[in-house]
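The values are calculated or read from the model by the stated rules, or taken from the named source; none is laboratory data. Remember, predicted model here, so these are calculated numbers, not experimental data. Glycine gets a Cβ as well: all are built from the backbone with ideal geometry, and neighbour counts include every protein chain shown. Ligands, DNA and RNA are excluded from the accessible area calculation, which covers all protein heavy atoms including side chains. Shrake-Rupley method; radii C 1.70, N 1.55, O 1.52, S 1.80 Å.
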Amino acid sequence: MAITKNDVEHIAKLAKLEFSDEEKEKFTHQFNDILKYIEQLNTVDTSNVEPLTQVIELHNAFRADEVKPSTPTSEALKNAPDKTDEYFKVPKVIGS
Amino acid sequence: MVNLHEPYDLFREKLLNGTETVEQRTQAFLSEIIKRKELNAFLTVFEEEAMQRAKEIDTKIQNGTAGSLAGMIVAVKDVVCMKGKRTTCASKMLADYEAIYDATVVQRLNNADALFIGKTNMDEFAMGSSGENSAFGAVKNPVDETRVPGGSSSGSAVAVAAHLSTSSLGTDTGGSIRQPAGFCGIAGLKPTYGRVSRYGLVAYASSFDQIGPFAHSARDIARVLQVIAGYDECDSTSANIPVPNYLEAMNRNVKGLRIGMPKEYFPDALNSEIRSVLQKKIDLLKAHGAEIVEVSLPHSEYTIATYYILATAEASSNLARYDGARYGYRSRQANDLEQMYTKSRSEGFGEEVKRRIMLGTYVLSSGYYDAYYRKAQKVRRLIQKDFLDVFQHVDCLVTPIAPTTAFKIGEKVSDPLQMYLNDIYTVSANLAGIPGICVNAGADANGLPIGIQFLGKQFDEATILRVADFVESIH
């Protein structure tokens, strides 16, 4: 499954990243190297093998539904690149 | 006269009998950090605050109320949150980010009266095996400054190796504590998945990431682990399993211990200096009564491929949070919301981080999910089963830490696959969720450190600490 520059552009769009033509060429080349290496997994017989998602077999961790202290708005906004007193501020979304 | 090369045990005795103070030692470390600035190990140094805290701890010592880690000066990888402190992950994305709470490991170390001296440089978002992928410049190996210290916990390894702190915290997702410990000639432990709380750790690949200590000896590793290990209700992936007394388990006795040598980790092509240094230690273990057993982990050849599919997939999802809206870097070039996301991410992340987000996005994308991601999850189970099977017969495993000693700065940057292959002996522990420790075993002809790794059963850090301590004590 060789990757093309078009594929790289498509993945970049999904990942919300953009690249120069030069970077796209480089990534296309590097991804093909890496994917070729990764494809060795196809030689492993995994029929009847369950996927492993949690290595210490923990299950859902529930806690009592009690109100506990949480981050105050002022703290949550502390690192915001742009904000009002109570909100994060972003460029206009509708009607632009 | 403060001797920063002196082991922590000895210093602690002097501290408790009043012949030295934490203040003197902290001052000496701070001077040394400035002197060794060219190593680029630290991103933030807590000068005044550390001195203030040193005085507090000295007072506690005088009053007999000091905690178990009084006199332990700790550096923290800049991926762990400390309230009010910059937490950059060595990324332009978080260059100005100030944490709004303390990670659980930070709280616990603080409660034990450890002293924080600064935050360390690293590969950006913990992605890298050389310490070169930092937005703030590469970290240098103090043994040979033309060489890499390993990564991604590069600065934390160097802080200890160059005697800029007594111990440090790193994180290990695919070898990021153990490999730099090996390259720098010190000790580093990746605990079992779930052993140490990750509350306050910036996530890279959540089914792999663990926080662990670096130090000059396995005994100091045990001291730090004792404090940071254990259940934390703030981390739903932390395990509610009792923490044993690690120092007590280190009895300098390996008689009857069954140690497996996985044949896949000692291939014919293994570097001959690494092989002979390890063999010497293995022979010593045998001479002292350990039983060395050849074992097989048949899926070893698939660990790198499996790791780089799963870790990048998790990274692409975890790093979706950096959108320029709530915290972190925001591009000034954006005119609308879509551009804000794309330009902030493209300008804020470095090359390796983007490469991994792209790979991860690809393996999770429609049409490829089953072929790559799901397949890798299945192979991961087979890899873990290999370990469960051998641990039926042996107490722990011994392996090399890396295929080579520390390589030259710049040597592998242009070929990501070659860089990934360097993780061949470390990623399996993260895939299986087992603990691993690296301690120094010797050096090659150029004087570059050679590490030896011990892998243990889940939640059995005690056994690998005991063997590691034994190996450090025999020559």
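Values as computed for the structure displayed
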| quantity | calculated |
| --- | --- |
| Solvent-accessible area, 1.4 Å probe, carbon plus sulfur percent, for the protein assembly as shown | 48 |
| Highest average packing first - A:30-43, B:74-87, Cβ atoms within 10 Å | B:74-87, A:30-43 |
| Share antiparallel - DSSP beta bridges, chain B, percent rounded to 5 | 65 |
| Mean Cα-pair separation over length for chain B, i.e. relative contact order, pairs under 8 Å, 6 or more apart, % | 17 |
| Dipole of the protein assembly as shown [Lys/Arg +1, Asp/Glu -1 at C-beta], most positive-end residue of B:436, A:60, B:111 | B:111 |
| Share, in percent, of DSSP beta bridges within the protein assembly as shown that are antiparallel, nearest 5 | 70 |
| Cα-based reach from residue B:457 at 28 Å (exclusive), listing lysines while leaving out same-chain residues under 8 positions away | B:77, B:190, B:255, B:263, B:280, B:281, B:286, B:375, B:378, B:385 |
| Relative contact order, percent, chain A [alpha-carbon distance under 8 Å, six or more residues apart] | 16 |
| Interface burial for A against B (accessible surface, 1.4 Å probe, total of both chains, Å², rounded to 100) | 5400 |
| Value of [θ]222 nm, deg cm²/dmol, for chain B, DSSP H segments ≥ 4, -39500 (n - 2.57) each, nearest 500 | -11500 deg cm²/dmol |
| q = 0.13, 0.14 Å⁻¹: log10 I(q)/I(0) that the Debye formula gives for chain B, counting C-alpha atoms only | -1.19, -1.38 |
| 0 to 90° range, to nearest 10: angle between helix A:21-38 axis and chain A longest Cα axis | 70 |
| Burial of 10 Å² or greater, the stretch B:366-384 residues [accessible area, probe 1.4 Å, versus chain by itself] | B:368, B:371, B:372, B:374, B:375, B:377, B:378, B:379, B:380, B:381, B:382, B:384 |
| Compactness index (Cα Rg / 2.2 N^0.38 Å), the stretch B:254-298 | 1.19 |
| Most mobile of A:76, A:12, A:61 in a GNM of chain A (Cα contacts under 10 Å) | A:76 |
| Cα-derived Rg over Rh, computed across the stretch B:33-92 with Rh taken as Kirkwood radius | 1.04 |
| Residue-by-residue Karplus 3J(HN,Hα) for the stretch B:87-93, coefficients 6.51, -1.76, 1.60, Hz, glycine and proline x | 10, 9, 6, 6, 10, 4, 4 |
| For residue B:121, net neighbour charge (Lys/Arg +1, Asp/Glu -1) across residues whose Cβ lies under 11 Å away | -1 |
| Convex hull per residue volume in Å³, alpha carbons only, for the protein assembly as shown | 167 |
| Rounded tilt (10° steps) of A:5-14 against the dominant C-alpha axis of chain A | 20 |
| Low-density loop cleavage sites - GluC sites (Glu not before Pro) in the stretch B:187-271, where at most 16 other Cβ are within 10 Å (DSSP) | B:233 |
| Per residue value of the accessible surface for chain B (all protein chains in place, 1.4 Å probe), Å² | 34 |
| Length gained when the stretch residue B:393-residue B:236 is fully extended (0.36 nm per residue, less Cα-Cα span) | 53.3 nm |
